[in-house]
Amino acid sequence: MIKKFISRLLGKGAATAAAVPQAEAPVAAAAAPRPSAAMAQAPSAPTGGIPTGKRVEVPASEHGIDPKLVDERAINVVRTLQRAGYEAYVVGGAVRDLLVGLRPKDFDVATNATPEQVKGLFRRAFIIGRRFRIVHVIHGRGRDHEVIEVSTFRAYMDNSEATQVEGNEKTSKAALAGSAHAVDASGRVLRDNVWGPQVEDAARRDFTVNAMYYDPESQVVVDYHHGIADVKKKLLRLIGDPLTRYREDPVRIIRAVRFMAKLGFTLEKKTAAPIAETVPLLANVPISRMFDEMVKLLQTGHALASVESLKALGLHRGVFPVLDAVFDESRSTPEEFARQQAFIRQALQDTDRRVGEGKPVAPSFLLACLLWHDVQAGWRKNQAAGEHPAPALQQAIDAVFDARIGDISGRGKLGADMREIWMMQPRLERRQANTALTMIEQPRFRAGFDFLRLRADVGEAPVELAEWWEDFSMGSDDEREALLTAVREAQRGGARKAAPARTAKPAAGADSGASGEDAADDGADDGDEGSEGGEGAAELATGAPARKRRRRRRKPAGAGGASAPADGG
């Protein structure tokens, strides 16, 4: 009773009443009348440490947002909600981007309607999420579909009154069942589904530049925390006490890095001060969410700047396992490490360029670039232990997935694409005439070739090899045949030069040098070099020329020693 009385004094009556367990929410929403715009403002401005700010309505003549940059489908969602009697605004990062003249990639909408009420207004709408229950309103179908994310205004809750659980989202499912507001031992919010007024919704957002609301119908921006002023000053400032806000959600540290890189903003001193103290809390964040945040960092068109921002804050190591591999100097010589860093830099630059040109970017390709040298190190180690090149590479890939990616994406399509890019490299290096046509017909050939070209750009692979595959993949039938003929001639010439050296060896020496790899190849014809276990694989993994392979001699294909058939390679 005392707690309820205090809550009412602080203006939290409506927010407390909204704290209905998830299982009961649809029933409560159905029983309650639709709130009007006036009802959303009914609770008095809460006090008691909540950074509510002051509502300021900024007209179009002052904020300067270009209405043409606003997505028509987002406008339609806002209009539908408003015509049904609810408040609705474009919110968050979209407003921030509009203020700096950028066309937002995604549009989010905030409203005082509950998720169930939102869902009832649209034909294709789905309620998702546990930590935050939101609605996805789907427009269009197939590749051209767009998702407008709609969230309900949330109350700014005191974490001391929340359900306290041990562990995280995965280990505390039973304790979180039916809870509308829950935190872990460090103060990280695990459930936040208590509805409240817009003034509190603005207070619980992270940065001032993300806490603005834009009404595309009236073209008014609602600003509670001087967000427009901070945008003009290019300043990132957390709302409220920075230490508390980082404890509520440590991923805000990573978001700060992304905004610094994307917008060229700087961190306010008070906002930056607790970062070193709160970085260890990132270990409590689910791996899947951290993985998604890393991909966002590297695929928003500012990958290089993001990496530099991470370095500036000391976050390039110990936060993301993938980046730990990138900056690991212990596995190579200084010269090799410099070449590896050049390769990574080139990959990030190419990614930024493609994003800037509006071209699609596959996370599998960029991750394959970032982890390539980690795979190479394991590949060399496995072969040094006597493993055949093909399984040695497979084992190295598995080890990297387990150590750097875990069970999130290393076993799905993303992992399959990365594996194919890596496994394609030794096959591209061998350039076998009898498998070249098959190679260019593979769905992931272009990604494998682009990967080879990056390696050639930094001196890790022969430039001539990358040029040959480019000419072959784009050439006519006659041009391809000429390129294949040149390869066959070079391969036959190499075999004739190698033959005297093999016959000159003593028999005992030949036997002692026959490792498991050579023994497996003795009975194979030249076509078997198209597998991953050839000499090209050994050279690619070790960086040194591979041992000469013994080959079965062929009988002349006709009088005068005519050339071998085309598929003999």
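The values are calculated or read from the model by the stated rules, or taken from the named source; none is laboratory data. This is a predicted model, so every value here is computed, not measured. So basically every Cβ, Gly included, is an ideal-geometry build from the backbone, and we count neighbours across all protein chains shown. Heavy atoms of the whole protein, side chains included, go into the accessibility calculation; ligands, DNA and RNA do not. Shrake-Rupley method; radii C 1.70, N 1.55, O 1.52, S 1.80 Å.
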Checklist entry - For region 266-393, which semi-axes, largest first and in whole Å, follow from the square roots of 5 times the eigenvalues of its Cα gyration tensor? => result 28, 19, 15
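List the trypsin sites (Lys or Arg not before Pro) within region 369-450 that fall in a DSSP loop (any state other than H, G, I, E or B) and whose Cβ has at most 15 other Cβ atoms within 10 Å.
Values: sites: 380, 381, 404, 411, 413, 419, 427, 430, 431, 444, 446; in loops: 411, 431, 444.
The qualifying sites are 411.
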Checklist outcome for this item: Taking 0.36 nm per residue of separation between residue 339 and residue 132 and subtracting their Cα-Cα distance, the length gained on full extension comes to 70.1 nm
Next on the checklist: With a 1.4 Å probe and all protein chains left in place, how much accessible area per residue does region 197-242 have, in Å²?
Outcome noted: 29 Å²
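Averaged per residue, what accessible surface does region 405-488 expose to a 1.4 Å probe, in Å²? Numbers along the way, then the final one.
On the way: 3660 Å² over 84 residues.
Per-residue value: 44 Å².
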Checklist entry - Which order do 195, 379 take by accessible area at a 1.4 Å probe, largest first? => result 195, 379
Next on the checklist: Loop only by DSSP, 10 or fewer other Cβ within 10 Å of the Cβ. Give me the GluC sites (Glu not before Pro) in region 213-298 that pass, ordered by residue number.
Outcome noted: none
Checklist entry - In nanometres, what is the gap between the two model label sites at residue 60 and residue 403, each 7 Å from Cα along Cα-to-Cβ? => result 5.8 nm
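At a 1.4 Å probe radius, which order do 144, 352, 241 fall into by accessible area, largest first?
Numbers: 144 130, 352 30, 241 80 Å².
Solvent-accessible surface, decreasing: 144, 241, 352.
In percent, how large is the relative contact order of region 68-115, given Cα pairs closer than 8 Å and 6 or more residues apart? Mind showing how you got there, number by number?
Details: 54 pairs, mean separation 20.4, N = 48.
Computed value for region 68-115: 43 percent relative contact order.
Can you pull out the chymotrypsin sites (Phe, Trp or Tyr not before Pro) in region 326-358 whose DSSP state is coil and whose Cβ has at most 10 other Cβ atoms within 10 Å? Could you put the intermediate results ahead of the total?
Values: sites: 327, 337, 343; in loops: 327.
For chymotrypsin sites (Phe, Trp or Tyr not before Pro) across region 326-358 that sit outside H, G, I, E and B with at most 10 neighbouring Cβ atoms in 10 Å, the list is empty.
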Item to check | region 279-349, accessible area per residue, ligands and nucleic acids excluded (1.4 Å, Å²) | outcome: 43 Å²
Next on the checklist: Give me the percent of accessible area attributable to carbon and sulfur for region 251-316, probe 1.4 angstrom.
Outcome noted: 57 percent
Item to check | Heavy-atom accessible surface of region 334-493: percent carbon and sulfur, 1.4 Å | outcome: 50 percent
Checklist entry - From the backbone phi of region 362-370, what are the Karplus-calculated ³J(HN,Hα) couplings (6.51 cos²θ - 1.76 cosθ + 1.60, θ = phi - 60°) in whole Hz, Gly and Pro given as x? => result 8, x, 4, 5, 5, 5, 4, 5, 5
Item to check | Distance violations [Cα-Cα > 18 Å] among 68/296; 105/234; 296/359; 68/232; 311/381 | outcome: 68/296; 105/234; 68/232; 311/381
